[in-house]
Amino acid sequence: MHLMDISQLAIDLGLNIGANALWSIIKNYVTTTKNPTLDGLKEKLVSELKIKNADIKAEKIIGFLAQNGNITIKGTHIYAGKQITIASSEGKSFDFGNNSTSETENTKIEAKGNSKIVGHGRAKIVQKDGSISFYV
């Protein structure tokens, strides 16, 4: 496996997470797998996205969709001016909490301490236009 192949794979997957977290996953896969492949690495990367102690900001919109794997968000601050969506698809889930906040110009969700919001199947949280909606 070449570093350029790994970089292109990250771009193809639409990954926009901290370099340290991504590198940690890649290093662990390559060093613990007998015959690492790009397909195997891709499966490892999309099986579960864990975001911990991050500060994620966007001018207008942020969306998280647990489509190919589960999403866990812990100790993280998310900010987008207009809208934040956290959603899961059939057979997948999201877990938001453990001292995380999700904030727009007019809304804020705070999951203090060990509290969390978990969504399975087609669950969704949408912060938009000054309101917070939960779909289950």
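The values are calculated or read from the model by the stated rules, or taken from the named source; none is laboratory data. Remember, it's a predicted structure, so these values are computed and weren't measured experimentally. Methodologically, a virtual Cβ is constructed for each residue, glycine included, from the backbone with ideal geometry; neighbour enumeration extends over all protein chains shown.
Figures for the structure shown
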{"quantity": "Members of segment 92-120 that are of a type outside the set (Asp, Glu), part of a loop (DSSP other than H, G, I, E, B) and over 16 Å from the mean Cα position of the chain (by Cα)", "calculated": "THR104, ASN106, THR107, LYS112, GLY113, ASN114, SER115"}
{"quantity": "Which listed residue, of THR101, THR107, is assigned by TED's automatic domain parsing to the domain that holds PHE64 and in contact with a His (Cβ under 6 Å, 6 or more places away or on another chain)", "calculated": "THR101"}
{"quantity": "Residue count for segment 80-114, restricted to those that are of a type in the set (Asp, Glu) and surrounded by 15 or more Cβ atoms within 10 Å (Cβ to Cβ)", "calculated": "2"}
{"quantity": "Residue satisfying all of: in segment 30-45; surrounded by 15 or more Cβ atoms within 10 Å (Cβ to Cβ) and in contact (Cβ under 8 Å) with a residue 24 or more places away in the chain; nearest to the chain's Cα centre (by Cα) among these", "calculated": "LEU45"}
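Conditions (1) among the polar types (S, T, N, Q); (2) free of Cβ contacts under 8 Å to residues at least 60 places away in the same chain; (3) in contact with a helix residue (DSSP H, G or I) (Cβ under 8 Å, 6 or more places away or on another chain); (4) more than 15 Å from LYS50 (Cα to Cα), marked per residue:
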{"residue": "PHE96", "(1), (2), (3), (4)": "no, yes, no, no"}
{"residue": "THR101", "(1), (2), (3), (4)": "yes, yes, no, yes"}
{"residue": "ALA123", "(1), (2), (3), (4)": "no, yes, no, yes"}
{"residue": "ASP129", "(1), (2), (3), (4)": "no, yes, no, yes"}
